[in-house]
Each structure stands twice: as structure tokens, then as C-alpha cells.
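Data first, discussion second: the structure below is written as C-alpha cells.
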Amino acid sequence: MLACETLGGDERVGGMKLSCRTDWNLDEIRAIYDRPLLELVYDAATVHRKYFDARKVQVSELLSIKTGGCPEDCSYCPQAARYHTGVKRHGLLDVEKVYDFAVAAKKRGASRVCLGAAWREIRDNSDFDNVCEMVRKVSDLGVEVCCTLGMLQQNQADRLKEAGLYAYNHNLDTSREYYSQVIGTRGYDDRLATLRRVRKAKLTVCSGGILGMGESISDRLEMLRTYATMETPPDSLPINTLVPVEGTPLGEKQKQEETKVSIWDLVRMIATTRLVLPKTVIRLSAGRLERGVTDHALCFMAGANSIFTGEKLLTTPNPGEASDQEMFALLGLEPKEPFQELSHHA
Ligand code: SAM
Ligand code: DTB
Ligand code: SF4
């Protein structure tokens, strides 16, 4: 039986050193993932408490600042122009409208506002000038601003940093091997190149994946290995479970049944992430609507420490603030203040 030997300065699980490691291989990560469930959760909860205040959960709000009409073919995404999903398209929102949303989000207790655009990549045009203006104004409110705008070049990452951006979200979504089954219009290396530029601009990196797209457990863990072996791993890692949307290739009814993610697989993935990336904020992202408070409690125990709240993610439904507040009260959790993320490059 694998045992958690020490969780002091040099944490080990099953004899494997945990912290400050960037040399993980898949077998080691798999050995952690396959541990007896309650042992795994206990160790993850213990490591979580070493680096974080486990009563604090970051509450973020999402706003789609440009919706639909995306030229990419991501087979999960309701915003890809080529799928008929009924998503109402709109061009870039006005700066004022975004600012008003952020003011309201802050009042509701959010410490991070994430602005998403259905772009393949950023272009140097007036829309990007306006996004920089949004970032400037929302940052001045004292909340963390995150953008997810697709691929970017170095000068664009630098401009976002200069405008006050705190984080950039750009997901690898799955393993390199499975990626081409999900997306054909760009490659894994394009994603990695953007992440390097984000890091170089000294922005914090938010990068994670989606479970439930038909990938194997090995694909999930291989994605985790990619993150854990980066010179500087992500500051935050969103774990989404697929929100099946009719009209997308992955939204087909039959596939949904086959690929539904069990709470146990989700908890194992969160706990394993907590153990191999002890300092990373883990965001329990898309796919919360079907999960009850008991499921959420297990995820928080396993090391998740962030959620997106509000009735809508970018285009799909999500639990609203009222039910999240009720859940926080029940579980004794509190929203985290902004700018207290452990940054690997600080
Ligand atoms: N266009 C940009 C990009 O692809 O990076 C930013 C927006 S994109 C919608 C942000 C992330 O949302 C994707 O990387 C994916 O992980 C997640 N996502 C999109 N559709 C989803 C779905 N149906 N279920 C779960 N996650 C989804
Ligand atoms: C992330 O990993 N999940 C959030 C955020 N980053 C941008 C987005 C989830 C989107 C789910 C599908 C939608 O609402 O359109
Ligand atoms: Fe476009 Fe992003 Fe959706 Fe892919 S995930 S189709 S890039 S909006």
C-alpha cells in the first residue's frame, strides 16, 4: 500500500517527492491517481493546507465580450461558426458595458473578472485597442483581470500587461496525442507558444483542460504531466467537464452518455493535480450545474479552490451567485481577496 510518508518541508506521497519538481513522468502521476481514493484525497487535502488557506475559495465571474462566429473547429465549442448551436453572436461589447459588469461583479464578491472573446487569435486592430482599454478600466477597480482571447504574439501580451492585465487564460485542453481528435485548425505547439509569450510578458498563466471529451485517463494525466514539467507551471488550472451543446460534434446525445465524467474521476483528477502542482490554484470550472453540494464538497476537499459563479459561463448556464453563496455558508467557505495567488515567478 502506498503511504504518505512525510508532508513536511519535503513532501512525499508513496515515496515520491512532490514539491519543486518539474521532472514528472506519466507512470509516477498515474501511481498517484490510482491510489486508494480516500488516501489520495487525504494527502491532497493535507498538501492543500500547506500552501493555501483551505477555507478560502476564489470566486471569479466570466463575461463573453465577443460571442460566436469563431473560425476554429474546437469540437466542444458552441461558439465555432461552423456548428449550428443557436448561440447569439455579437461583436465586441462597449468598454462601458464591460466596466459596468465588472463593477457589479465586484459588488457581488468576485475577486477576478475574466473576459472571453471567440477569436482564433488577437489582431492588432481597434478591437484590441478597446480590449486594452477594458483591461485598464477594470483593473483600476482593484480586481484581478483575466483575458482569454485566443493565440497572441509577444507585442500583444506585452500590451495587455502594460494595460494592467493580471492573468491570461489559454487551455491545452487535453494531451498532445488527443488534441488533433478535438481540434484541427491549430496545433498543440501553437498553444504552447502562446503560453510561453504570456509567461515572458510576466502575466500569470491560467491554463487547464476539459474532461469528458472521449479522452482516456492517460490523456488527462499526460496533459497534467505537460503542465507539471513546465519550467514554470500554471498559476491556475481550470478543470472543466464538458458542457454538451447541441450542434457541436461533442454535444451529440449518444456520445454524452458514453463520456460523462463520474464524480470519482473528477475528484481523482483534482487531487492528483493538487499533489503534482501544490501551489497552483485549481478552478472547478465548466460543468458544475449538474453537481450537487456533496460533489462540490469532495472537490474542495481534494484541493479545488476556485469557481466561476454567475448564471452564465461564456454562453452556457452555470449555478448563480445565490446558490453558490448558500453552498459557501453550508461548507464554511469564504471568497478569497484578490491578488493573493501564489505566483511561481514572484
Ligand atoms: N477563443 C479562446 C480560446 O479558445 O482560447 C477563448 C475562449 S474559449 C471558449 C475558452 C475555453 O473554454 C476553451 O479553451 C475550453 O477549454 C472551454 N470550453 C469551451 N466550450 C466548452 C464546453 N462546451 N465545455 C467545457 N469547456 C468549454
Ligand atoms: C475555462 O477553462 N473555462 C471557462 C474559462 N476558462 C474561460 C470557460 C468555460 C466555457 C464553457 C462553455 C461556454 O459557456 O460557452
Ligand atoms: Fe473559438 Fe475558442 Fe471556441 Fe475554439 S474554444 S471555437 S478558439 S472560441
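Tabulated data
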{"item": "Where ALA271 falls short, out of the listed (1) part of a helix (DSSP H, G or I); (2) open to solvent by less than 20 Å² (accessible area, probe 1.4 Å); (3) within 16 Å of ligand 2 (Cβ to nearest atom)", "result": "(3)"}
{"item": "Matching option when the condition is more than 16 Å from ligand 3 (Cβ to nearest atom), among the charged types (D, E, K, R) and over 29 Å from PHE328 (Cβ atoms), among ASP100, ASP73, ASP94, ASP127", "result": "ASP94"}
{"item": "Residue in region 55-113 that is nearest to LEU149 (Cα to Cα), counting only those that are among the polar types (S, T, N, Q) and outside any strand (DSSP E or B)", "result": "GLN79"}
{"item": "Restricting region 231-256 to residues that are surrounded by fewer than 18 Cβ atoms within 10 Å (Cβ to Cβ) and away from ligand 1 (no atom under 16 Å from the Cβ), the residue that is nearest to LEU203 (Cα to Cα)", "result": "THR232"}
{"item": "Check on LYS66, in contact with a Leu (Cβ under 9 Å, 6 or more places away or on another chain), more than 14 Å from ligand 2 (Cβ to nearest atom) and basic (Lys, Arg)", "result": "no"}
{"item": "Complete set of residues in region 216-227 that are over 20 Å from GLY150 (Cβ atoms) and surrounded by fewer than 23 Cβ atoms within 10 Å (Cβ to Cβ)", "result": "SER216, ILE217, SER218, ASP219, GLU222, ARG225"}
{"item": "Of all residues making up region 282-310, the number that are open to solvent by 30 Å² or more (accessible area, probe 1.4 Å) and modelled with pLDDT of 95 or more", "result": "9"}
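Quick grid of which residues meet (1) surrounded by 16 or more Cβ atoms within 10 Å (Cβ to Cβ); (2) away from ligand 1 (no atom under 15 Å from the Cβ); (3) in a strand (DSSP E or B):
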| residue | (1), (2), (3) |
| --- | --- |
| ARG123 | no, no, no |
| PHE128 | yes, no, no |
| LYS137 | yes, yes, no |
| GLY142 | no, yes, no |
| CYS146 | yes, no, yes |
| ARG159 | yes, yes, no |
| GLU162 | no, yes, no |
| GLU177 | no, yes, no |
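The values are calculated or read from the model by the stated rules, or taken from the named source; none is laboratory data. Here the structure is a predicted model, which means the values were calculated and not measured. Methodologically, a virtual Cβ is constructed for each residue, glycine included, from the backbone with ideal geometry; neighbour enumeration extends over all protein chains shown. For the accessible areas, the whole protein counts, side chains as well, though only heavy atoms, and no ligand, DNA or RNA atoms are used. Shrake-Rupley method; radii C 1.70, N 1.55, O 1.52, S 1.80 Å.
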